[in-house]
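Okay, structure first, notes after.
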Amino acid sequence: MSKIIGIDLGTTNSVISVMEGGEPAVISTAEGERLCPSVVAVNPKTSERMEGRVARRQAITNPDNTIFSVKRLMGRKFSDPEVQKATKVLPYKIIEADNGDAWVVMGGKEFSPPEISAMILGKLKRDAEAYLGETVTDAVITVPAYFNDSQRQATKDAGRIAGLNVRRIINEPTASALAYGLDKKKDERIAVYDLGGGTFDISILDLGDGVFEVKSTNGDTFLGGDDFDQRVIDWIVDEFRKDQGIDLRNDRMALQRLKDAGEKAKIELSTTQQTEINLPFITADANGPKHLNLTLTRSKLEQLVDDLVERTLGPCRKALEDAGLKKEDINEVILVGGQTRMPMVQRRVEEFFGKTPHKGINPDEVVSVGAAIQAGVLAGDVDDVLLLDVTPLTLGIETLGGVATPLIERNSTIPTRKSQVFSTAADNQTQVQINVVQGERPMATDNKQLGTFVLDGIPSAPRGIPQIEVTFDIDADGILHVSAKDKATGREQKITIQASSGLDENEIERMVDDAKRHADDDRRRKDEVEQRNEADTLAYQAEKMLRDLGDKVPTESRSDVEEKVSAVRKALEGQDLAEIKRRKDALSQAMQKVGEAAYQQADPGEAPEGQAQGGGDDEGTVEGEFREV
Amino acid sequence: MVKKQIKMSQEDAARQAPENVEEDQAAEQVDIEALGKELAEAQAQCAEYLDKYRRSAAEFDNYRKRQLRDQERQSQQLTANVVRDLLPLADDLQRAVEHLPNANADESWVQGVVLIEQKLHKLLESYGVVAIEAKGQPFDPNVHESLFTEPNEEYPEGTVLEVYETGYRLGDLVVRPAKVKVSVSSGSDRATDSN
């Protein structure tokens, strides 16, 4: 069965989402945007049809044949007062069809509102198919809670015309509640406050046994974010006139720039306390060009729009009244619509209902996300059988110098499995101890020790030669299986760790916090260990090089290198990191010289392998300078 | 008597024997039935899990392919997002140069500003960002956005008369459409603007 998409078919904009790997994801349009203007147009000359952003861009040149806000006409009779209101503000022709319905004229032809909506849905369907790479046949579409039967039927028809099997029509506020997972709660009353670009809706829902019932709705069909923008623009114009004596209202190009700048300033003030509106060369008079440079603070913006926010509270009161509820009866408040990003709106809503509203999901997309979740339930994508879990902390093993080397990173989705090849840290080391640790800190001792085991019987070999494959496998139940295998002999040891019994939520949070707090400290310690390991490796390599080259190394150079090796070893016994680094660098240089000299000789030959030494390096935990093979 | 009794009991046994067999068979039947049911359930569950597994494997595979396919587009989109934020700066510099007072045009300081504007455009070009042609072109909503219309005799209807804000594209992607004024035939009453 193919995917079912969720569609928020809005008055101004529409959004599509789909369940992907158990999570809702918004699908970008072909134009690369996360929302699609609900606009359709026909070019009168070529009869070419356009939808979405492209249709929006040509609206001014082609007002008769550009249909927007068709949602205001869906399922309504021509005589409907809402339609009569719309005919006054919409530039295209609205007519009465034979059955009394409101229809529109576009490109000289008559269309029913469902046909127009179907063109938008058709574009969304195509974009979803392009994204998913498969045919989309089924959809869940949202409608306002106040839509009556004929409006819902009209929306369903639109889907059918677009070639979509509309599996369900759900209410926009219900979709928002689903997006926040409120269906999992029981017996609650939920207020959904939806302040979009051009309309305001408040809905009171009653949730019982996972079923949402709309108790009441209210709102203002002509109040939204655009009004907030206009207040900012008016303020800029007034300030500029006070300052420069020029009225920008008469300069439509300047006004166009103000529109963009006003909206941008408003958006910025949702996250900052003040913003600069800087528009050089905004206009010109006899004295030359004029620049506009103003600072708008958040508190000034709040003064400018105070009454607009206040206007939303009346409908909230009415909705509560109609539902027969008091403010205290409301258990949850949800914010929907871009304008609810404004901190003052959030504050006022919180003050009104006395509850901190849910936010976090993009308020422009939350309705569509909820529709996708409903679609996922219908498609069987969302159920409890396949709840994917993640491992909360990083899992790894202790390696040379006490470093915690991660194998499975935190937040990996389980079941998962990862292997890495390690080696020995000393010559002739015949066993390795695998110390399994959990946590985010770079040093093993700072993390939780989960378990330990020994793999022995490794054939004697110089350090770095044996290949020990360590495998971490977390099964679907969160149980960790760790195994270590010597690739030469096939010898294997393993351990099973019940990770779930280990840490509770608090412990996990503490460990993650710890890791953040100690980050600097840890990095220093890890650096130190790394420096030491490097120095140790270099000394080892130097000795090996001398052995390999044998008498090809002039006595003088040989004693120079030997001297520097012992200097490094001596430094390693101490704690002075700078000293270790200095000695290491000196040795490295001496080795380079020897190496160059050796290569200059015509036939370097094969030096006999010297007796391996230093096998007594038994520190308990000895496992790899790790190298991936 | 005794004999008869024995015989009787033998007969009884003989009579009862088939019953016992039947009972045994019945018990076996129940066992088989229960086992069969269990098997059917297990098979159904197995089929369900296999189906879910296949679905999620397929979903992941498609997801992976999509990621690969969209990678280029995503990186293009990211560049476009950054460029879009920088464009107002290009606009302002362009305006500064356009408003260059004739009297000062030869001053080397002024020429420095002109050079800065050129440099910015070269920089944008180096990212593959090119200006969209507009003035004098037929209006194309794929790359132009109309802000105003104006009756005009000189040009055919639907011609871009003036560019208010230069548009840019990055490959096929329209970073920002050109904001333009478009001609309408002078008989038309459609001289409108967006305000």
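Residues are listed down the side, and each one gets a yes or a no for (1) open to solvent by 40 Å² or more (accessible area, probe 1.4 Å); (2) touching a helix residue (DSSP H, G or I) at 6+ places or on another chain (Cβ under 7 Å); (3) modelled with pLDDT under 95:
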{"residue": "A:L308", "(1), (2), (3)": "no, yes, no"}
{"residue": "A:T312", "(1), (2), (3)": "no, no, no"}
{"residue": "A:P315", "(1), (2), (3)": "no, no, no"}
{"residue": "A:D322", "(1), (2), (3)": "yes, no, yes"}
{"residue": "A:N331", "(1), (2), (3)": "yes, no, yes"}
{"residue": "A:M344", "(1), (2), (3)": "no, yes, no"}
{"residue": "A:R347", "(1), (2), (3)": "yes, no, no"}
All positions within the range B:150-176 that are within 17 Å of B:H121 (Cα to Cα) and facing another protein chain (nearest Cβ under 9 Å): B:E165, B:V174
For the range A:77-85, indicate whether the set of residues that are surrounded by 22 or more Cβ atoms within 10 Å (Cβ to Cβ) and in contact with a helix residue (DSSP H, G or I) (Cβ under 7 Å, 6 or more places away or on another chain) is non-empty. no
Considering (1) over 22 Å from A:V18 (Cβ atoms); (2) within 11 Å of chain A (Cβ to nearest Cβ); (3) open to solvent by 80 Å² or more (accessible area, probe 1.4 Å), say which one B:V82 fails and leave the rest. (2)
Restricted to the range A:14-27, and to residues that are within 12 Å of chain B (Cβ to nearest Cβ) and not hydrophobic (A, V, I, L, M, F, W, C), which residue is surrounded by the fewest Cβ atoms within 10 Å (Cβ to Cβ)? A:G21
Filter the range B:86-115 for residues that are under 30 Å from the mean Cα position of the chain (by Cα), without any contact (Cβ under 8 Å) to a residue 40 or more places away in the chain and either closer than 13 Å to B:Y127 by Cβ or facing chain A (nearest Cβ under 9 Å) (or both) and give the result. B:L86, B:P88
Taking into account only those residues within the range A:104-146 that are touching a strand residue (DSSP E or B) at 6+ places or on another chain (Cβ under 8 Å) and part of a loop (DSSP other than H, G, I, E, B), which is farthest from the other protein chains (Cβ to nearest Cβ)? A:A145
Lone qualifier among A:K326, A:K300 - being more than 24 Å from A:Q273 (Cα to Cα) and either surrounded by 14 or more Cβ atoms within 10 Å (Cβ to Cβ) or of a type in the set (D, E, K, R) (or both): A:K326
Of the residues that make up the range A:55-66, is at least one buried (at least 23 other Cβ atoms within 10 Å of the Cβ), at pLDDT below 95 and in a strand (DSSP E or B)? no
Quick one: in the range A:28-44, of everything that is facing another protein chain (nearest Cβ under 9 Å) and either farther than 15 Å from A:R126 by Cβ or not small (G, A, S) (or both), which residue is surrounded by the most Cβ atoms within 10 Å (Cβ to Cβ)? A:A41
What do you reckon, is A:S47 free of Cβ contacts under 8 Å to residues at least 60 places away in the same chain, away from chain B (no Cβ under 14 Å), open to solvent by 50 Å² or more (accessible area, probe 1.4 Å) and of a type in the set (S, T, N, Q)? no
Where in the range A:404-465 are there strands (runs of 3 or more DSSP E), lying fully within it, with 1 or more residues that are surrounded by fewer than 17 Cβ atoms within 10 Å (Cβ to Cβ)? A:416-422, A:448-455
Residue ID - most open to solvent (accessible area, probe 1.4 Å), chosen from residues in the range B:38-63 that are at pLDDT below 90 and away from every other protein chain (no Cβ under 11 Å): B:R54
Filter pass, B:L120 being farther than 19 Å from A:D260 by Cα, more than 10 Å from chain A (Cβ to nearest Cβ) and open to solvent by less than 70 Å² (accessible area, probe 1.4 Å): yes
Looking at the range A:482-504, can you tell me whether even one residue there is within 27 Å of B:F60 (Cβ to Cβ), part of a helix (DSSP H, G or I) and at pLDDT below 85? yes
Any chance you could count how many residues in the range A:218-258 are under 30 Å from the mean Cα position of the chain (by Cα) and open to solvent by 70 Å² or more (accessible area, probe 1.4 Å)? 1
Which pairs have Cβ atoms under 8 Å, sit 6 or more apart or on different chains, and link a residue in the range B:136-149 that is at the interface with chain A (Cβ under 7 Å from one of its Cβ atoms) to one that is part of a strand (DSSP E or B) and open to solvent by 50 Å² or more (accessible area, probe 1.4 Å)? B:L147/B:D193; B:F148/B:D193; B:T149/B:D193
Taking the range B:128-140 and keeping residues surrounded by fewer than 22 Cβ atoms within 10 Å (Cβ to Cβ) and within 24 Å of A:D251 (Cα to Cα) leaves B:K135, B:G136
When you go through A:T283, A:T275 one by one, which is the residue that is buried (at least 16 other Cβ atoms within 10 Å of the Cβ), within 12 Å of chain B (Cβ to nearest Cβ), outside any helix (DSSP H, G or I) and of a type in the set (V, I, T)? A:T283
Please state which one of A:S203, A:S176 is hydroxyl-bearing (S, T, Y), touching a residue at least 24 places away in the same chain (Cβ under 8 Å) and out of contact with any Gly (no Cβ under 7 Å at 6 or more places or on another chain). A:S203
Are there any pairs with C-beta distances below 8 angstrom linking a residue in the range A:580-592 that is open to solvent by 60 Å² or more (accessible area, probe 1.4 Å) to a residue that is among the β-branched types (V, I, T), with the two at least 6 apart or on different chains, and if so which? A:R583/A:V568
Index of the failed condition, A:D8 passing every other in (1) more than 29 Å from B:T159 (Cα to Cα); (2) within 23 Å of the chain's Cα centre (by Cα); (3) part of a loop (DSSP other than H, G, I, E, B): (3)
Condition check: over 30 Å from A:Y540 (Cα atoms), open to solvent by 70 Å² or more (accessible area, probe 1.4 Å) and over 35 Å from the mean Cα position of the chain (by Cα). Does A:K494 satisfy that? yes
Given the structure, is A:A179 more than 14 Å from chain B (Cβ to nearest Cβ), open to solvent by less than 10 Å² (accessible area, probe 1.4 Å) and among the aliphatic types (A, V, I, L, M)? no
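The values are calculated or read from the model by the stated rules, or taken from the named source; none is laboratory data. Owing to the predicted nature of the structure, the values given are computational and were not obtained by experimental measurement. No Cβ is skipped: glycine too gets one built from the backbone with ideal geometry, and neighbour counts run over all protein chains shown. Heads up: the accessible areas ignore ligands, DNA and RNA and are worked out on the full protein's heavy atoms, side chains in. Shrake-Rupley method; radii C 1.70, N 1.55, O 1.52, S 1.80 Å.
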